[in-house]
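Structure first, then comments.
We did not get these values from a lab; they are worked out from the coordinates using the rules stated. Since the model is a prediction, treat every value here as computed from it, not as a measurement. Cβ placement follows ideal geometry from the backbone for every residue including glycine, while neighbour counts extend to all protein chains displayed.
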């Protein structure tokens with residue numbers, strides 16, 4: 001097991017005291033696997049990703065176990081995390097426009113982790129960087145390496161970011177909304193690239209996104225989060241196919257579909273996602289759930305384990321997917 | 001980059017030309033008669049006319065301007081009325097004092113500002129930051145000539161560590177530097193205060209940028225990320241402000257040189273004004289303006305050297 | 001985010017209060033000096049020269065027996081006068097120029113802005129020295145010089161702030177409804193650009209006081225019998241070895257006035273910041 005998260009909770013400091021933005025999240029990931037984390041803004045998915053990198057904002061309190069390659073990351077100090085970041089665990093971010101330093105050449109930025117973690121000389125690291133840029137399917141990688149970020153398109157920049165993340169051959173790559181800021185046509189290409197790279201190097205991928213379609217196409221397993229808690233987890237076909245959890249069902253139903261009759265309204269989920277200090281005692285989705293009962297608000301629902309690693313946290317659903 | 005340099009040089013020449021016209025105009029278009037003023041009210045009309053003719057004051061504006069510029073380009077800056085000697089060497093002698101003073105001042109101010117600015121930005125919102133900000137407020141408020149006097153009181157009168165004024169010449173570089181140290185501190189205080197604030201705010205902005213997160217994600221420590229990624233991005237605005245501040249530095253030097261009785265350009269200007277030595281004042285002010293303008297061009301070039309977007313005109 | 005804003009607000013409040021207090025002291029001193037000072041500021045009393053501070057002379061006397069405290073009070077008058085008029089000139093002409101640039105746009109705007117940039121190479125002090133050299137020393141020339149130096153600063157600020165306002169929808173709506181450019185300038189633009197102009201005015205006021213002090217120190221500013229802090233410092237320098245305290249008080253007066261104005265400006269900037277205001 002490459003990654004084993006158990007009972008992860010994250011509290012962020014606010015003037016009004018601590019605010020729990022991630023509560024009791026558990027999941028695991030094997031080498032070479034891809035796991036998608038889907039949820040709205042404020043669902044805690046980005047915080048979970050940042051916790052793995054140890055890049056949470058100052059003052060954040062983390063509880064639970066974050067086991068990576070058997071080692072708990074939570075108690076590790078900054079110096080030890082620095083050794084892991086960029087080397088064993090890499091992360092790519094949403095905005096390729098601003099995620100690269102405008103003053104350094106692309107080649108230098110891609111080479112930086114190699115110099116830092118592998119002790120390569122500048123020249124050797126540069127040569128390797130050019131190779132990496134070619135590997136991510138950039139045409140004329142020599143020219144790209146010498147160029148500055150402002151001269152590249154969004155898609156090219158994101159590929160460069162991927163090259164940078166891959167440079168030291170990480171075991172886990174975390175992609176936080178990697179294609180949200182890109183054109184639709186470019187999105188697919190980037191995601192395919194990530195999948196290909198993952199397949200050929202046994203690299204595990206954690207793909208965080210609000211876009212169900214992206215997750216469905218490129219991940220084997222999916223984690224559905226809402227209000228900082230896990231709602232449902234399992235193989236993509238099972239979770240999105242059976243739509244057991246009310247939230248998962250609502251997400252699927254809210255997508256616009258081709259071939260729907262004209263004039264039909266999109267099914268939005270009523271209410272708004274929680275943001276800020278709201279500490280529900282029970283299920284995080286209870287306030288907006290059409291099936292909510294009093295019991296739902298009493299305490300967080302326990303996971304109902306189904307075959308194939310599929311688990312649902314809802315007291316209204318049974319093993320056959322029927323309403324209780 | 002080459003094209004950019006050429007462009008800036010062209011603008012430099014145009015600006016200098018414009019500046020020279022303005023300076024010449026302000027000083028030459030005096031109310032009343034310059035020659036009359038120089039000789040005083042009791043002078044006879046004949047002697048005034050003679051002096052006017054000797055100084056070429058009875059010629060039209062354009063001719064006088066052309067002669068002035070032509071002379072300057074040839075290296076002949078005219079004769080000082082008060083000293084009776086060529087102005088060129090006179091100014092050069094003064095530059096050997098004012099130039100190093102300006103450099104020393106900027107060096108001290110930049111060193112202080114960089115340290116304090118980084119320190120302050122790293123500790124944003126905490127006591128260290130507040131202390132630096134309060135100190136910079138103090139630095140902004142204190143008049144440089146008063147600070148100079150206070151420095152003299154403490155370090156020259158009370159503890160005889162530095163000279164209270166005067167300049168011993170460059171034959172002994174150590175003594176010369178000692179003579180320039182207190183004046184550089186006096187001039188540098190306000191510069192350091194301004195630059196500290198600018199460094200802090202430019203750095204804070206850079207620290208907030210997305211590429212900082214990428215740098216951390218690569219495994220860089222906070223400190224390494226700050227120095228390698230944030231600071232270079234913060235430099236262009238800092239450099240720009242430094243360039244703009246040079247004009248104020250020059251103005252401040254005029255006063256500080258008087259405090260410390262330094263035989264620099266600033267004192268020359270003030271003395272020449274008192275002596276009604278118009279040509280000297282013209283040449284000095286033109287020289288200072290040229291220096292400031294040229295320096296700003298250098299600053300622009302430096303910023304372009306750091307930031308590739310400026311070179312390409314894409315920013 | 002809220003934490004940072006509330007801390008900022010309390011710091012701004014402290015700045016504002018302290019700044020306002022110091023500025024009030026300045027204005028109070030100037031006003032007081034108009035009706036009363038312990039001694040006439042220009043009254044010389046040679047037998048009583050260079051006295052240390054005492055009950056009779058709170059801050060002592062200078063080399064000509066003049067009471068230092070009275071001179072400090074009277075000096076406030078000159079500093080205030082220079083500040084008010086110089087900033088007034090700067091605001092008056094600068095805002096007009098800036099509004100012209102913003103509404104005229106195109107070539108006129110560019111020309112005006114280039115001209116302003118160019119004048120930044122001539123600091124106020126240098127210009128003031130030139131002017132007083134040409135036209136003679138004195139308070140009036142000092143004020144004029146500093147005032148003229150202020151014009152491009154306010155012009156640039158006005159133009160950029162005005163451009164921001166003019167691009168917003170209510171201004172476009174006004175134009176669409178047929179209001180002329182002057183009406184729009186007065187009714188819509190001016191009230192909205194007032195905050196940054198006010199803040200800059202306090203900064204320029206402080207700079208004016210510093211410039212006047214420097215000019216007077218060089219003998220080019222306020223002439224005797226007009227009391228001026230700068231000239232007091234010049235006089236004090238000659239007696240540095242005998243009575244160093246003479247140099248402390250006038251410099252302190254300048255520093256406190258400038259500090260007060262800067263703090264006031266900082267406090268006002270934060271107080272007028274729309275982000276902070278929305279939270280109330």
**Q.** Over 19 Å [Cα-Cα, segment A:100-253], rounded percent
**A.** 58 percent
Q | Order of C:216, C:54 under a 10 Å beta carbon neighbour criterion, fewest first | A | C:54, C:216
Q: Provide, as a two-decimal number, the C-alpha radius of gyration of segment A:195-247 over 2.2 N^0.38 Å, N being how many residues it has.
A: 1.20
Q: Only residues of segment C:94-127 count here: report those whose backbone N is under 19 Å from the spot 7 Å along Cα→Cβ of residue C:190, or say none.
A: C:94-104
Q: Ratio to report: Rg/Rh of chain A, with Cα atoms as the point set and Rh obtained by the Kirkwood method; give two decimals.
A: 0.99
Q: Give the Kirkwood hydrodynamic radius (Å, one decimal) of segment C:34-89, defined as one over the mean of 1/r across all pairs of different Cα atoms.
A: 12.0 Å
Q. Roughly speaking, what is the stretch gain from residue B:154 to residue B:174, that is 0.36 nm per residue apart minus the C-alpha to C-alpha distance, in nm to one decimal?
A. 5.1 nm
**Q.** Calculated on alpha-carbon atoms, Rg and Dmax of segment B:111-241 in Å
**A.** 18.7, 56
**Q.** If the convex hull is drawn through the Cα atoms of segment A:1-104, its volume per residue in Å³
**A.** 143 Å³
Q.
How large are Rg and Dmax for segment C:106-220 when calculated on the C-alpha trace, in angstrom?
A. 17.7, 57
Q | Pairwise centroid distance, computed over Cα atoms, of segment C:108-169 with segment C:201-266, Å | A | 23 Å
Q. Quick one: what do you get for segment B:240-298 if you divide its Cα Rg by 2.2 N^0.38 Å?
A. 1.17
Q. Just for the protein assembly as shown, what percent of DSSP beta bridges are antiparallel, to the closest 5?
A. 65 percent
Q | residue C:27 paired with residue A:318, simple spin-label distance in nm, labels 7 Å along Cα-to-beta-carbon | A | 8.0 nm
Q. Hey, what did segment C:18-80 get for relative contact order, percent, Cα under 8 Å, at least 6 apart?
A. 37 percent
Q | Approximate shape of segment A:136-185 as ellipsoid semi-axes (Cα gyration tensor, √5λ), whole Å, largest first | A | 19, 16, 9
**Q.** the protein assembly as shown, helix-only ellipticity at 222 nm - DSSP H runs n ≥ 4, -39,500 (n - 2.57), divided by all residues, nearest 500
**A.** -20000 deg cm²/dmol
Q | Ellipsoid semi-axes in whole angstrom, largest first, where each is sqrt(5λ) of the Cα gyration tensor of the protein assembly as shown | A | 66, 31, 27
Q) Taking a quarter of the surface of the convex hull around the Cα atoms of chain C, what do you get in nm²? A) 18.6 nm²
Q: Counting other beta carbons within 10 Å of each Cβ, put C:198, B:269 in order, fewest first.
A: C:198, B:269
Q: Would you kindly calculate the mean projected area, averaged across all directions, of the convex hull enclosing the Cα atoms of segment B:199-296, in square nanometres?
A: 8.1 nm²
Q) If you find the alpha carbon centre of segment A:48-113 and of segment B:255-302, how far apart are they in angstrom? A) 54 Å
Q | Contact order normalised by residue count of chain C, Cα under 8 Å, 6+ apart, percent | A | 27 percent
Q: Sort A:58, A:308 so the one with the fewest other Cβ atoms within 10 Å of its own Cβ comes first.
A: A:58, A:308
Q: Counting only C-alpha contacts under 8 Å and six or more residues apart, can you give the relative contact order of segment B:212-304 as a whole percent?
A: 30 percent
Q) Using a simple spin-label model with points 7 Å from Cα along the Cα→Cβ vector, what separation in nm is obtained for residue C:107 and residue B:96? A) 5.1 nm
Q. So what's segment B:111-160 giving for Rg/Rh, alpha carbon basis, Kirkwood Rh from the mean inverse pair distance?
A. 1.14
Q) In units of 2.2 N^0.38 Å, what is the alpha-carbon radius of gyration of segment C:8-150? A) 1.45
Q: Obtain the radius of gyration and the Kirkwood radius of chain B from its C-alpha atoms and give Rg over Rh.
A: 1.06
Q | Proportion of all alpha-carbon pairs of segment A:46-114 beyond 17 Å (%) | A | 51 percent
